[in-house]
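A short worksheet on the structure shown next.
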Amino acid sequence: MAGQLVADMSNVAAVAPQKKVLVIDDNPTIVELIRHAVALQGKYAVVVAYDGVQGLEQFSRERPDCVIVDVKMPRMDGYQVVRCLRGDAASAHTPLIILSAMIEDDDQLTGLLSGVDEYLAKPFKPSVLCATLERVMSITPEEREQRLEQLAGLDAPGSPKGDA
């Protein structure tokens with residue numbers, strides 16, 4: 001009887017829907033590294049796009065629960081992808097992570113002002129990426145909205161840009 005219960009429970013876990021993470025990066029090696037790191041958690045299905053335009057198409061088709069996006073890509077860069085997703089009511093509250101080799105302060109500020117939740121540097125540690133993924137997935141829509149409003153205030157003409 002107990003053995004049957006365990007078998008039934010394992011079937012329930014196997015059919016439980018996984019959350020989806022969309023990875024948008026033009027480097028197949030990086031995509032596979034991210035896919036592997038995220039898949040090891042066992043909580044997420046990973047879908048992939050290799051440029052920003054394809055990423056937005058995949059987003060519309062797959063409706064992922066989170067997006068990890070590179071900055072430098074053909075056809076549309078990561079900042080543009082983030083702004084498009086934040087500007088659409090259907091995706092405005094989707095957790096967004098930029099993972100980029102562009103790590104200067106100005107690059108990170110541009111990413112944050114475009115609406116990304118986190119900006120991570122390449123090369124990356126899989127454990128840091130996974131912890132960041134968990135953290136941004138826990139942000140409520142209200143918290144995200146409040147943060148975006150604060151960032152919009154920083155980007156307004158005549159407001160401080162953090163150089164103090």
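The alpha-carbon of K72 sits under 21 angstrom from the alpha-carbons of these lysines, leaving out residues fewer than 8 places away in its chain: K122, K125.
Rounded to whole Å, the principal axis extents of the Cα atoms in region 18-155 read 38, 29, 28, largest first. Summed over all non-identical Cα pairs, the Kirkwood treatment of region 65-122 gives a radius of 11.1 Å.
Less than 5 angstrom separates the built amide H of L22 from those of V47, D65, C66, V67, I68, all sequence-distant by 5 or more or on a different chain. Which net charge results for the neighbourhood of K19, defined as the other residues with beta-carbon distances under 9 angstrom from its beta-carbon, given Lys and Arg at +1 and Asp and Glu at -1? Spelling it out: positives minus negatives among the neighbours equals +1. You can think of it this way: the chain between S138 and Q18 has 41.7 nm of extra reach, that is 0.36 nm per residue less the Cα-Cα gap.
Here the residues D105, D51, ranked from fewest to most Cβ neighbours within 10 Å of their Cβ, fall in the order D105, D51.
Among V81, V128, V71, the order by Cβ neighbours within 10 angstrom, fewest to most, reads V128, V71, V81.
Where a number appears in this text, it was derived from the coordinates with a stated rule and is not lab data. All values derive from a computational prediction rather than experimental measurement. Every residue, glycine among them, receives a Cβ derived from its backbone with ideal geometry; neighbour counts consider all protein chains shown.
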